[in-house]
1. If we keep just the residues of segment 131-147 that are under 17 Å from the mean Cα position of the chain (by Cα) and not hydrophobic (A, V, I, L, M, F, W, C), which is most open to solvent (accessible area, probe 1.4 Å)?
2. Over 29 Å from Ala213 (Cβ atoms), aliphatic (A, V, I, L, M) and either surrounded by fewer than 14 Cβ atoms within 10 Å (Cβ to Cβ) or touching an Asp or Glu at 6+ places or on another chain (Cβ under 6 Å) (or both): which single residue out of Leu19, Leu50, Leu10, Leu71 fits that description?
3. Can you tell which of Leu29, Leu78, Leu104, Leu58 is modelled with pLDDT of 90 or more and closer than 22 Å to Tyr141 by Cβ?
4. Considering only segment 91-130, state which residues are over 20 Å from Met16 (Cα atoms) and surrounded by 13 or more Cβ atoms within 10 Å (Cβ to Cβ).
5. Quick one: is Phe85 at negative phi, free of Cβ contacts under 8 Å to residues at least 12 places away in the same chain and either in contact with a strand residue (DSSP E or B) (Cβ under 9 Å, 6 or more places away or on another chain) or assigned to a helix (DSSP H, G or I) (or both)?
6. Counting only residues that are part of a helix (DSSP H, G or I) and free of Cβ contacts under 8 Å to residues at least 60 places away in the same chain, which one in segment 22-46 is least open to solvent (accessible area, probe 1.4 Å)?
7. In segment 111-129, what residues are closer than 10 Å to Lys94 by Cα and either touching a residue at least 24 places away in the same chain (Cβ under 8 Å) or in a helix (DSSP H, G or I) (or both)?
8. So, Leu10, is that one in contact with a helix residue (DSSP H, G or I) (Cβ under 6 Å, 6 or more places away or on another chain) and of a type in the set (A, V, I, L, M, F, W, C) or not?
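The values are calculated or read from the model by the stated rules, or taken from the named source; none is laboratory data. Predicted, not measured: the structure shown is a model, and the values here were computed from it. Quick reminder, even Gly has a Cβ in these numbers, built from the backbone with ideal geometry, and neighbours come from all protein chains shown. What goes into the accessible areas is simple: the full protein's heavy atoms, side chains included, and nothing from ligands, DNA or RNA. Shrake-Rupley method; radii C 1.70, N 1.55, O 1.52, S 1.80 Å.
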Amino acid sequence: MKLSSKYALLKGFLDMLPLCLAVIPWGILCGSLAIQNGFTAVETQAMSLLVFAGSAQLVAIELIAGNTPLLTILFTTLIISSRHFLYGLAVRHKVIDQPMRWRLPVSFVLTDELFAFSHHRKAYRTKTRLVYALSAGFSFYIAWNLWTFIGIIAGSLLPDLTNLGLDFAIAATFIALVIPGIKNLATLATVITAGVVATLLKSHGFELWLVVAALTAMTVGYAISRVNTQAEHNL
């Protein structure tokens, strides 16, 4: 491996390290919550190894534990995870010329955290930058599975960890990822709409609160974006 690739490998790990540490409570909560809701250790760890989607995992665990109909579980997790499809579309033009041996692993580790690193105009363009991306992405993957494993142990030995407020780590992590991306009115309206609608529907016990909040927010953001584009076109 060339020196530049070794540097990219180290830098990817170091740049992702703060986020790897930030999701410690989140990963522990995911592992312990699954164990305390009747999942086996193997099932819990396999979910993190194969699904690798924190928010979808947590929601799925709670829905399954609550005997929610399968169709509702599938639809809810599909909506939650659909943002990854958008991430793929956003970086597609950067990796489309790369061999499949690069594109497949990048697609697997393209989480919210790695996508936050993907806005540089040269991201994924060269081998060195691909090594950087994979180092960052897989270091987060390893960390997530490690924290899940610790959560499995904690869930088996300790009382209900949900009372410790560890779930706030979820909100804190996403706030840290979302706030820097609010650069225009459409994005701001999307974020505010999602928060308000989700809060209102959740407080009234609406089962599909997350799905409706996401779809409503995207609709509002898209509408404002179209109005702004049309206004600029008319000037």
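1. Ranking the candidates gives Tyr141 first.
2. Leu10
3. Exactly one residue qualifies, and that residue is Leu104.
4. Lys94, Val95, Gln98, listed by residue number.
5. Here the answer is yes, as Phe85 does meet what is asked.
6. Ala46
7. Across segment 111-129, the qualifying residues are Ser118, Ala123, Tyr124, Arg125.
8. Criteria not met by Leu10.
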